[in-house]
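Take a look at the structure set out below.
Throughout, read-outs are computed from the coordinates displayed, never taken from laboratory work. Everything numeric in this text was worked out from a predicted model, so none of it was measured. Backbone-built Cβ (ideal geometry, glycine too); neighbour counts: all protein chains shown.
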């Protein structure tokens, strides 16, 4: 069934998608600055995709037996799969857990934007940015102040950039 939506509703839905994309991009930019495996484009796509699924769920299907929350529930499961792919373990050192959590959070931002909850989406984005940037500094200061030794495990080796000469035989 093709929903019959007014031009005003269509513009509102386009705004929801745009807000989801922009908020995800802002958070992704912060991750990009910290050279994390999932950055600007990945966070943008996750947030936009969640917003799009939410909009389609709410407006694309109609009827008394339709439950629009089912798609939102599947967003959570699907993003868990993507997030798991960003977590790496190397000799006891875990890397990518914060990036996985930020992707999960960005999916929630996209879902809120797709549902038209703009204040919630913006507030959530601000809080995520505070956690990713400010709390990183607080953690570092606390480690120095309480003289917490560094991890006994060496960090995983940096992966070569795509297209670098190291990839050539």
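Observations on the model:
- Only one entry of 31, 41 meets the criterion of being over 19 Å from residue 117 (Cβ atoms), under 20 Å from the mean Cα position of the chain (by Cα) and without any contact (Cβ under 8 Å) to a residue 24 or more places away in the chain, and that entry is 41.
- Flag for residue 98 being part of a helix (DSSP H, G or I), over 17 Å from the mean Cα position of the chain (by Cα) and touching a residue at least 24 places away in the same chain (Cβ under 8 Å): no
- Residues in segment 117-134 that are over 14 Å from the mean Cα position of the chain (by Cα), closer than 14 Å to residue 31 by Cα and free of Cβ contacts under 8 Å to residues at least 40 places away in the same chain: 130, 134.
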